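The numbers here are math on the coordinates, done by the rules we state, and not lab data. This is a predicted model, so every value here is computed, not measured. Neighbour counts run over all protein chains shown; Cβ positions are idealised from the backbone, glycine included.
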There are 2 protein chains.
Amino acid sequence: MKIDLPTKTIQRLTLYHSILRDYIFKEVPSISSQQIASLLKIDDSQVRKDITFCHVQGKTKIGYDVAELKKAIEKLLGFEKSKDVFIVGAGNLGLALAKHDDFKDYGLDILALFDVDDDKVAQVINGKKIFHISKLNNLVNRMNVEIAILTVPHQVAQSVANQLVKSKIKYIWNFTPVVLDLPDNIKVCNENLVGNFLNFTKN
Amino acid sequence: MKIDLPTKTIQRLTLYHSILRDYIFKEVPSISSQQIASLLKIDDSQVRKDITFCHVQGKTKIGYDVAELKKAIEKLLGFEKSKDVFIVGAGNLGLALAKHDDFKDYGLDILALFDVDDDKVAQVINGKKIFHISKLNNLVNRMNVEIAILTVPHQVAQSVANQLVKSKIKYIWNFTPVVLDLPDNIKVCNENLVGNFLNFTKN
């Protein structure tokens, strides 16, 4: 990304992109800010403001060209510059993420999975091989991977995270319910599902 | 929840709760705001401010009583008042969420799963039965369930959501990458993984 977009703008732009993909699939050529706003139940002035970052002009009474706006969002958010990712923990959640084909369209390229279970090792999931976790540091170095998705059982989350810290991993996307104790040079994103649920259902 | 807490406060309080669970597991009796702040890499004045909502007093040089603070957060966030939930889509992600034992501690009680695959129907996952999706409306009514977790393939997300709308479901927690077109009386929470990833790795 060339400019430092606000967190919530990035969140909304990815949702606009999902809507545009659907419009392209349905062969609808144009979309208005009101249509986007209505699907997301937000204000259309917010949509127009977000789209100014894309430098795309809409036409009165027609709206935005779907393909043009989609490409502009992809350029703005850097989807074409792929980031390599390892999944650590090949349980149900790890496998679900590995099978999530959409990620690649958004510049998130899952290269391989790691697990301690010898029965899983060497299996290939959606084109991605599962390696034994003892191979992790070696492959992080050889493949120059900086991002790990952590989907191990919560009992071992901290110890596996400690192992990641010793490798060249710089970003840990934490899907476990454990708050990890990590040095300041590691960036963590806690996927806080419980917090989302509580916010969502509070009213 | 008795008071309307800000979204980010709820997010942080659930993370403090995870830390407190870990402290209880390790039999550490007290915790300071600095210790919590350091784990989450946030300011300790923020932690103290959030904890004022819990009406728990810390002691100078000792900190908060771990068990007392944990209970106060549970009361504040309403963990004891369980909310019943159905999972719609028993693929890898649906199964991973069904196996997520922590949810019940946070007042999220998954009662059953639904799928179209006859091979999956009647299986029991972590004590939760998989029903054919044709049974959904009937069971929503009989069991008075208002919350659905949507984990179906993206190709059928909208059509399954339409079916949920016809039942008494009021909340859809959408784990698919599709922006759903839904009436205003349905509350949706989009689990926007791509947006989180882009924000997390933008620097």
When the Karplus curve 6.51 cos²θ - 1.76 cosθ + 1.60 is applied with θ = phi - 60°, which whole-Hz ³J(HN,Hα) does each residue of the range B:57-72 get, with x for Gly and Pro? 9, x, 10, 4, 6, 10, x, 8, 6, 4, 5, 5, 5, 4, 5, 5
Under a plain spin-label model, where a point goes 7 Å from the Cα along Cα-to-Cβ, how far apart in nm are A:Q34 and A:K135? 5.6 nm
Where GluC sites (Glu not before Pro) in DSSP loops with at most 15 other Cβ within 10 Å are excluded, longest remaining stretch of chain B: B:81-203
Compute the distance in nm between two label points, each set 7 Å from the Cα along the Cα-to-Cβ direction, one at B:T60 and one at A:K104. 6.2 nm
Quick shape check on chain A: root eigenvalues a ≥ b ≥ c of the Cα gyration tensor, a/c under 1.5 is rounded, otherwise prolate if a/b tops b/c, else oblate, and it reads prolate
Using the eigenvalues of the Cα gyration tensor, what equivalent ellipsoid semi-axes result for the range B:83-196 when each is taken as the square root of five times the eigenvalue, whole Å, largest first? 19, 16, 15
Quick check: net charge around B:L193, other residues with Cβ under 11 Å of its Cβ, Lys/Arg +1 and Asp/Glu -1? -3
Taking a label point 7 Å from Cα toward Cβ, how far is A:Q46 from its twins in the other copies, in nm, shortest first? 2.1
Connecting every pair of Cα atoms under 10 Å apart in chain B and solving the GNM, the largest mean-square fluctuation among B:T176, B:T14, B:T52 falls on B:T52
Evaluate the charge dipole of the protein assembly as shown about its Cα centre and quote only its size in Debye, nearest 20, assuming +1 on the Cβ of each Lys and Arg and -1 on the Cβ of each Asp and Glu. 640 debye
How large is ³J(HN,Hα), in whole Hz, for each residue of the range B:153-164 in order, when computed from phi with the Karplus curve 6.51 cos²θ - 1.76 cosθ + 1.60 and θ = phi - 60°, using x for Gly and Pro? x, 4, 4, 10, 4, 5, 5, 5, 4, 4, 5, 4
Report, for the protein assembly as shown, the % of DSSP beta bridges that are antiparallel, rounded to 5. 20 percent
Listed residues A:I87, A:I24, A:I149, most fluctuating in chain A (Gaussian network, C-alpha, under 10 Å): A:I24
Mind checking which of A:V152, A:V88, A:V160 has the largest fluctuation in a GNM of chain A, springs on alpha carbons under 10 Å? A:V160
So for R0 = 41 Å, FRET eff. of B:N126-A:K49 from the Cβ-Cβ r, to 0.05, ends up at 0.40
Compute the label-point distances linking B:D118 to its equivalents in the other copies; points lie 7 Å from Cα along Cα→Cβ; give nm, one decimal, shortest first. 4.0
Shortest first and in nm with one decimal, please list how far the B:K81 label point sits from its counterparts in the other copies (point 7 Å along Cα→Cβ). 4.7
Can you compute the FRET efficiency between A:Q155 and B:K170 using 1/(1 + (r/R0)^6), with r the Cβ-Cβ distance and R0 = 45 Å? Round to the nearest 0.05. 0.80
Per the 1/(1 + (r/R0)^6) rule, R0 = 30 Å and r from the Cβ atoms of A:K71 and A:N144, FRET efficiency to 0.05 is 0.60
Taking K and R as +1 and D and E as -1, what net charge do the other residues with C-beta under 12 Å from the C-beta of A:H17 add up to? 0
Those trypsin sites (Lys or Arg not before Pro) from the range B:137-203 that are DSSP loop and have at most 14 other Cβ neighbours within 10 Å turn out to be B:K168, B:K202
Compute the whole-percent fraction of alpha carbon pairs in the range B:7-77 spaced more than 16 Å apart. 38 percent
Are any of the pairs A:K120/B:K170; A:K187/B:K83; A:K71/B:K99; A:K8/A:K61; B:K81/B:K129; A:K71/B:K120 more than 31 Å apart by Cα-Cα distance, and if so, which? A:K120/B:K170; A:K187/B:K83; A:K71/B:K99; A:K71/B:K120
Per residue of B:20-31, how many C-beta atoms from partner chains lie within 10 Å of its own C-beta, taken as a mean? 1
